[in-house]
Each structure stands twice: as C-alpha cells, then as structure tokens.
Amino acid sequence: MNIKSMAFASALAVASAVVATAAVAADISGAGASFPYPIYAKWADAYKKDTGNGLNYQSIGSGGGIKQITARTVTFGASDVPLNAKELADGGNLMQWPMVMGGIVPVINVEGVASGDLTLDGDTLAKIFLGEVKTWDDAAIKKLNPNAKLPSAAILVVHRSDGSGTTFNFTNYLGKVSKTWAEKVGSKTAVEWPTGLGAKGNEGVANNVQQTKGSIGYVETAYAKQNKLTTTKMVNHDGKVVEANAAGVQAAAANADWAKSDGFFLIITDQPGAAAWPISASTFILMPKEVKDAAAASEALKFFAWAYKNGDKMADELDYVAMPAGVKDLVMSKWADIKGADGKAVPAK
Amino acid sequence: MADVMTDRTATLERLGRDRASVLRGLGFSDKIFNTLTWLAAVSVLLVLGAVFISLIIGAYPALQAFGFSFVTTAVWNPNTDKYGAFAPIVGTLITAFIAMLIAVPIGLGIAIYLTERCPLLLRRPISIAIELLAGIPSIIYGIWGLFFFAPFMKENVYPSLILAFSHVPVLADLFAGPAYGIGTLTSSLILAVMVLPFITSVSRDVFDTVPPVLKEAAYGQGFTTWEVVKNIVIPYTRVGLLGGVMLALGRALGETMAVTFVIGNADKLSTSLLAPGTTISAKIANEFTEAVGDLYTSSLIALGLILFVITFIVLSIARYMLLRLEQKAGV
C-alpha cells in the first residue's frame, strides 16, 4: 500500500467515523437522576433491539437534569424530585410525569435484631433522626416492639452526604409525620442534619451501617434487598405495620390521587391504604411543552410509551415498581400537550 | 583578468545572497519557535485568569447575599438557603496540615535513606513501589479507606488513643470518642499516604543533584550521615524540597474523592479529630450534581473560589519563605 492509498483509506475511516457520530447523535438524549438509571439503561437496551433506536442517558443527578432540560441541551430531563407549577414554568414551560417507582427503607445494625424484627413509626423515626431518641431501648421504640430484646446502645444516625432524591423523599416523609422535623429541618435533596454522619451514595450508607453497631440509615429498598441489609418494618398512614416491598409501593401509588395533582406534582410518601409502604417514591421525566425538534421529541415519547407497555417485567427484575395502569393512561393522555413549532401535537406512536 | 574578477564578485555576491536567505530562514523559524513558547506560557495565565473570573462570576450571588459572613459562619442549610463555609474551610486546613505533619518527615526520611544509606540492590524496588503509590487513583484510596482502613482504625487504634489521652487536658478533647472509624483523622492519614510519593520522589531527585564532591568533603572532615544531610544536602536542595512539599500540600488541599469517602461529611465543627468533618472539595463533590437553586449552586462555586484563594495564599507564603531563605543564605 503506498502513501496515497493509505491517506485515502484514513480519510475514508474519518469519514465513516463522522457518519457513525451522526448516527449516534440521532439517539434519544436525556439527562438527570441517577436513581432510575439502571432501569432506563435496561429499557433502552431492549428498545434498541426492538426498534433499532438508541437512548443516550447521562446519569448526572436530578439537579443536572433540570438544568440541562431548562437549557434544552437534551430532549428530556429526569428528576427524582417533582417540580411545582412555578418551577415548571421557570424551566421554560415544562411538563413532567412519573415514570417508575421505588421504596426507601430504614436499615439498622442492632445486636440480636434481624431483618423485619423491629417496627418503627414515623414519629419515632423522625425523633431518631432529630437526635431526640438516643438509645435503642428508648421508651418510644420499646412501646412499638414490646417483645424485642433491645440493647441500651447509643443510636448512630447515618445519612446521605451527597444530594439525592432518596434524601428528598425520606425527609419529605419525616416532615409529613413530625411537625418538629418539618419546622427544624424540612425536606430537600440535601438538608442540615441535626445529628449523625454523612456517607456517599447508597453503598456508603449501607457500608457504614453494616460496620457500626447501633447505627441506623436509609437506602432504596432495591439496594437493601440486593445487599441483604437488616431492614425495619414501618407503621403506615392507616396505622398498619407493613414491610418494604414492591406490593407496598404499588399500594401507595394506587391510593395516590394522580388525576387531581397539579401537573403530576405528587409525592407518594405517607399515602393512605392498609398495605401502603409509607416511604414510597416516584421518579419523573421532564419535557418542554413546546419543542423545537418535534422529531426528536416524538422519538422520546415513543420510547416512554414502549417502556410503559413493555417495561414492567424488566422493572420488576431490577426491584423497581411499575406505575399502575390507570396512571400510565393518564400520563399518555397528557402527552397531547407537547406540541411542535407548528402547534401540532408531537406524535407518540 | 577582468573576467576572473567579475566571476569572483558574482560568486561572492551569490554566496552572500544564499547566506542571507539561510539566515533569514533561520530567523523566521526562531521567531515561530519563540512565539509558540510564548503562547504556551501565556495560555497558562489565560486559563488561570479565566478560571478565576468565572469562579468570581459564579460565586457573586452567594458573596453578595452573605458577604464576609460566608467565610465565618458554620451553617449549611439548603432548605432555608443559608450557607457558610467555615466548617469546610477548617476541615480542609486541618486535614491538609495533619497529612503534611505525617508525610513530610516520612517522605524526607525515605528520600534520605534511598540516596545516602540504601544498598544499590534495594534502591530501585523501593523507588518504584513509592512511585506506584502515586499512580493509584484516589477513588481506590477512598474505597480502601471506607472498607478496610476506617474499620481497622475503629477497632484497633482509636479505642487505645481515646484511652491513652483521656486524662491529658488538651489531647483528651482532640481524641474524644465515640470513634466511628471515619472522620477527620482517618482522612488525614489517607491523605498522608497519598501525598507521600510526591514528597519522596521530588526530594530523592533533588538529593541526587547534590555534587558528590561537597558530600565527600564533609565526610572527609568526619561528618556523620545525619550531619551531611542536615548541613549539606538539605540546604543545597531547599528550593526543590520546598517545591515537592508544596506540590504535596496542593494535592492534600484539593483531594476530593478519597476524603469524601472517609471524612464523614458532617457540617458540624468538632474539637475531636475522631469526629466526622468535611472539606471544601468533598462538599462540592457531594452536593453539586443535585444542587437546585441559584444561591445553592452559587455557594458551592464560592467554596471553589475559597479553595482557589487558599491555595494561592499557601503558594505565596511558600514563595516568601523561599525568598527569606535565599536572602539569609546570600548574607
């Protein structure tokens, strides 16, 4: 091969690389929450096999997702925290809907207490995280667990140090069940914790809890299940003792009144229902109502419609909880609000 | 005759022309080279300036809202949008200080051993092992710290520390329990391991530059190894040594991932070194991705600006110390 033909070949290679990049650029692009990333990736993989269309999802955190969709650098954003009407307007007339759900569960490390042995209620959990209940044999815990053998060891609270949708939903729940919590700490992706130490990510919290006797933390139920952590039961809104599992989260979502919510602004913690798991959470997709690139938006909506239709089993395999059918229909009917530059609704089929 | 003369002049003229054009060509390439190096040097200043300016612009809302109290208050509450950087500033300075306190003597000791005492056979393996330490990504240090080092310290070291100092006035506060394993001291120790290779390899390299004749003269006068190191090697290499130490300090101040894993990320100030704390870079790494709201983001950028300024001040102090040393040596 002489120099000339080599140069030609490399030019060809560059050209084909450019073509390949162009093909990648046609992928559906999204960015945001890291909590749903595993299931979005799994759906995207199956969707690509089904339709040939790929998804490029950057798992950069809810805050980043909101910023990117506001700047319109991606076709959709994803957030673990729902935006209220004003925030949706601030983002340049966005709409949002819940895509998939999960639960959050307290995990503990107490000598002689196995998974499910201990029951807590919202008020006691709040008092523990406020630093008011300081030992495991405190009267408040004993009252809920008359038969458990509880040591007089000090309680060490472990919380997330990174901003996280898990923290948002957990603190939101504590705020609903404890007035003191709502006034003193409030709810956000990161809060000023009254006590304890911060660990990075679910794995950081889990590891610190496993290593420290007398500690309590909170992680996603999927994470607790996969890593066989010691979880507690909770007393829910209806006063029933429930375990953290998919059925409990589904029950919480089923009783949530999505139809009456303002732009799907609904946080499904502390929902009514005998079987409802009290610390349930949904994760949201954000898209503008007036899109510049109708074709790209249409591809994204097709993907979400496909995931609603075919994704439940995959969600279940990864310990996520699919949205109830009624909510899916409601969401898909709202997609008619997403319009292209010509004022026509963006097709989702 | 005349013919020969014209021929000669023509040749000379031609030669002169060639020479001039060659010289012109050389001058041209010199100019290009000069410009290129100048551009390379200026681009550093430009990037530095751009970083500084964009940090100031990003931090402006926070600095405007809180003023100087941003530096002096230890509050960090995203819910009420009140931010103060005192706790992370203190945490950054303390962890870096303890890390240097441990790493500088050990690093120098290794370098002295390697250059003065070590058998030739061992020199390379030890050097390579230390340089490998510098090649380990910080996330690995973080995970090692979280899963192995912190539990080890908690079980085996901290209980005895607490016990040993429980009746010593100041130290009892510094080493007060409960020991969770993760906390300020653990992250300082990991930082010390991380910066050790910088100090060691730089000081070993500069120790090697000491002219043998100086050392031999000193040994010839009956100096011990320690006296040679103290009076000849270290004074001769002080500029390079300080450079190595500053490089290490810069890393200790800015190290993020390893610290985030083991420091405990608590915004509360504590007198105990065993208690959880936080640093500027750990705080930014933890919260930036999920920071929603202008003031929150801006406060995190302001933290970055403060780290920038701290590093700048530290470097300036080092330069100043060096200047003093040189003046003293000059007299």
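What follows is calculated from the coordinates using simple rules that are stated; it is not laboratory data. Just so you know, these numbers come straight off a predicted model, no measurement behind them. FYI the Cβ positions are ideal-geometry reconstructions off the backbone, even for glycines, and counts take in every protein chain you see.
Using a 10 angstrom cutoff on alpha carbons, build the Gaussian network for chain A and name the most mobile of A:L144, A:L83, A:L286. Looking only at A:L144, A:L83, A:L286, the biggest GNM fluctuation is shown by A:L144. The mean of 1/r over all distinct Cα pairs in the range B:162-255, once inverted, gives the Kirkwood hydrodynamic radius of 16.3 Å. A convex hull fitted around the alpha carbon atoms of chain A yields 163 Å³ per residue. Percent antiparallel among DSSP beta bridges with both residues in the protein assembly as shown, to the nearest 5? In the protein assembly as shown, DSSP labels about 65 percent of beta bridges as antiparallel. For the range A:104-260, taking Cα atoms only, Rg and Dmax work out to 14.7, 47 Å respectively. To the nearest 10 degrees, how steeply does helix A:246-255 sit against the main Cα axis of chain A, on a 0 to 90 scale? Helix A:246-255 and the main axis of chain A meet at about 80 degrees.
The residues A:D123, A:D137, when put in order of fewest to most other Cβ atoms within 10 Å, stand as A:D137, A:D123.
Counting other Cβ atoms within 10 Å as a rough exposure proxy, the listed residues B:S160, B:S138 run B:S160, B:S138 from fewest neighbours to most.
Rounded to two decimals, the Cα-based Rg/Rh of chain B, with Kirkwood Rh, is 1.17. Just so you know, the Rg over Rh for the protein assembly as shown is 1.09, from Cα atoms, with Rh as the Kirkwood radius. Taking only alpha carbon atoms, the range A:35-134 gives an Rg to Rh ratio of 1.13, where Rh is the Kirkwood radius.
May I ask which of A:K127/A:K313; A:K67/A:K134; A:K188/A:K328; A:K86/A:K184; A:K225/B:K154; A:K42/A:K289 have a Cα-Cα span longer than 32 Å here? Correct reply: A:K127/A:K313; A:K67/A:K134. Footprinting exposure proxy ranking of B:S29, A:S34, fewest other C-beta atoms within 10 angstrom first, gives B:S29, A:S34. Of all lysines in the structure, those lying under 19 Å Cα to Cα from A:K240, and not within fewer than 8 positions of it along the same chain, are A:K142, A:K143, A:K176. Backbone phi angles across the range B:198-206, fed through the Karplus curve with coefficients 6.51, -1.76 and 1.60 (θ = phi - 60°), yield HN-Hα couplings of 4, 5, 5, 6, 5, 5, 5, 4, 6 Hz in residue order; Gly and Pro are listed as x. When chain B is treated as a Gaussian network with alpha carbon springs shorter than 10 Å, the biggest mean-square fluctuation among B:V44, B:V259, B:V75 belongs to B:V44. Structure remark: mean-square fluctuation, Gaussian network model of chain B, C-alpha springs under 10 Å; the largest value among B:N286, B:N79, B:N34 belongs to B:N34.
Only aspartates and glutamates eight or more places from A:K334 in sequence, or on another chain, were considered; those with a Cα closer than 15 Å are A:D262, A:E290. Each residue of the range A:96-107 was assigned a 3J(HN,Hα) from its phi angle through the Karplus expression (A = 6.51, B = -1.76, C = 1.60, θ = phi - 60°), giving 9, 8, x, 10, 7, 10, x, x, 10, 9, x, 10 Hz with x at Gly and Pro. Count Lys and Arg as plus one, Asp and Glu as minus one, and take only other residues whose Cβ is under 9 Å from that of A:A281; the net charge is then -2.
Only beta bridges with both residues in chain A are counted; by DSSP, about 60 percent of them are antiparallel. Inter-part distance, the range B:1-69 to the range B:170-241, computed on C-alpha centroids, equals 41 Å. Relative to its residue count, the range A:79-119 spans a Cα convex hull of 110 Å³ per residue. Compactness ratio for the range A:87-157: Cα radius of gyration over 2.2 N^0.38 Å (N = residue count) comes to 1.64. Per residue, the protein assembly as shown reaches -18000 deg cm²/dmol at 222 nm when only DSSP H runs of four or more residues are counted, each adding -39500 (n - 2.57). Taking amide H atoms as placed 1.01 Å from N in the peptide plane, the amide H of B:K82 lies under 5 Å from those of B:N77, each 5 or more residues away in sequence or on another chain. Taking amide H positions as modeled 1.01 Å from N, with prolines and chain starts lacking one, the residues under 5 Å from A:G273 and 5 or more places away or on another chain are A:D238.
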